[in-house]
Amino acid sequence: MEENELTEVFEQDGVSEVPSAMLGEELVFGAVGPRGSGKSMFIAYLGLLSMAGGARCYSNFPVGGCIPPGRRGKEIHAMPLDPSDLYGMAKKLSGAMVLLDEVQYLGDARSSMSTGNRLLGYLSMQIRKRGMSMAFSCQDLSWVDRRLQFQCDVLAVCSDASKTAWGREEQPHLRRGELVFVELRDWSGFVTGTPWREKAMPFGTITLNGKLLWSLFDTRNVIEMSQAFTKVEVEKTVYDVSFRPSGDGAAGPVDTKVLNRSSADCEFHRVVDDLRAHNTGFVPAEKFRDFLQERGVPLSSRSVGAKLAQLGVPKTKVSGELYYEF
């Protein structure tokens, strides 16, 4: 089934067409609104349109089914999104549509300097180069990382029609979620040439028919809360540059080594460098391990001693208690 055929099916059943300026481009879509406002429905709809047009779709919630619903048609399904592919910017995401429901669990604004947030921000910055699109949902745009906010091209403000004045007064029998109104805002200026902050006027609206779309995504899917506390570690390339005076007395880099270190190793080295920079002196081994724990570096007593020995940190015992000298 082609994209225009799918759109026609939806239009016949009361779903308005997405403006053509939004299709076939590498865009970041954000869907916002209160609980039950149709955010997941909107990004699922974008995923269905992408798949109907021949694109691959990866999603962190179930999207897909038979098009048209309830009739003989074509089965299309989004592939489950592996977090390691997302954070690792896997090549298979190039040219695909990526759906991220409840994105605040992956890129919360309150943890802006976390590795996961930074990777998600970097991926959103490479949308055009990778030929991919991304659609995410959250209740408020301020909940997500600032870079992802900035990269958002189209902000879709969703509302349940049954909760609007029109729904309450003119359609009192309308059930929750049966119709969803979506106001489209050109957040970055990509679609109309003028960003929302300069001209606060929506460039389009669409209406989603919940009865048609309910069978094509899992509206009750729960994003595990553990995702919000999942730690992401990256093996980093570290340029280890040594400085010492050269023969003519001038200081300069004379030895450069390229090392691959995990983020935990890098944090371990930063703790040691900080203690040395402040001429801390003797630190009890137990207190040093507390420093590491506060910085999120899980190491056993034996591995701590081995790593410090590699870095040339002297150790001594006083009254049976072990100390490291920084």
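Things worth noting here:
- Considering only residues in the range 151-163 that are surrounded by 20 or more Cβ atoms within 10 Å (Cβ to Cβ) and more than 22 Å from the chain's Cα centre (by Cα), the one that is farthest from S133 (Cα to Cα) turns out to be S162.
- Those residues of the range 149-191 which are touching a Gly at 6+ places or on another chain (Cβ under 6 Å), over 11 Å from K39 (Cα atoms) and of a type in the set (G, A, S), in sequence order: A161
- Hits in the range 162-182 (condition: within 12 Å of I206 (Cα to Cα) and part of a helix (DSSP H, G or I)): none
- With a requirement of 2 or more residues that are touching a Ser or Thr at 6+ places or on another chain (Cβ under 9 Å), under 24 Å from M51 (Cα atoms) and assigned by TED's automatic domain parsing to the domain that holds V32, the strands (runs of 3 or more DSSP E) lying completely within the range 73-151 that satisfy it span 97-100, 133-137.
- The residues in the range 304-323 that are basic (K, R), assigned to a helix (DSSP H, G or I) and under 13 Å from P284 (Cβ atoms) can be counted, and the count is 0.
- In the range 45-64, the residues that are out of contact with any Ser or Thr (no Cβ under 8 Å at 6 or more places or on another chain), surrounded by 23 or more Cβ atoms within 10 Å (Cβ to Cβ) and of a type in the set (G, A, S): S59
- Positions within the range 45-92 being small (G, A, S) and within 20 Å of S124 (Cβ to Cβ), in sequence order: G47, S50, A55, S59, A78, S84, G88, A90
- Condition check for G296: outside any helix (DSSP H, G or I), at pLDDT 85 or above and assigned by TED's automatic domain parsing to the domain that holds V271: no
- Qualifying residues in the range 164-180 (those that are free of Cβ contacts under 8 Å to residues at least 60 places away in the same chain and crowded, with 16+ Cβ neighbours inside 10 Å) - the one farthest from A109 (Cα to Cα): L174
- So K257, is it over 30 Å from A161 (Cα atoms) and at pLDDT below 85: yes
- Some residue of the range 48-56 being at positive phi and not in a strand (DSSP E or B): yes
- The range 200-223, subset assigned to a loop (DSSP other than H, G, I, E, B) and over 19 Å from G189 (Cα atoms), residue nearest to the chain's Cα centre (by Cα): I223
The values are calculated or read from the model by the stated rules, or taken from the named source; none is laboratory data. All of these numbers come straight from a predicted model, not from anything done at the bench. Positions of Cβ are generated from backbone atoms using ideal geometry, with glycine treated the same way; all protein chains shown enter the neighbour counts.
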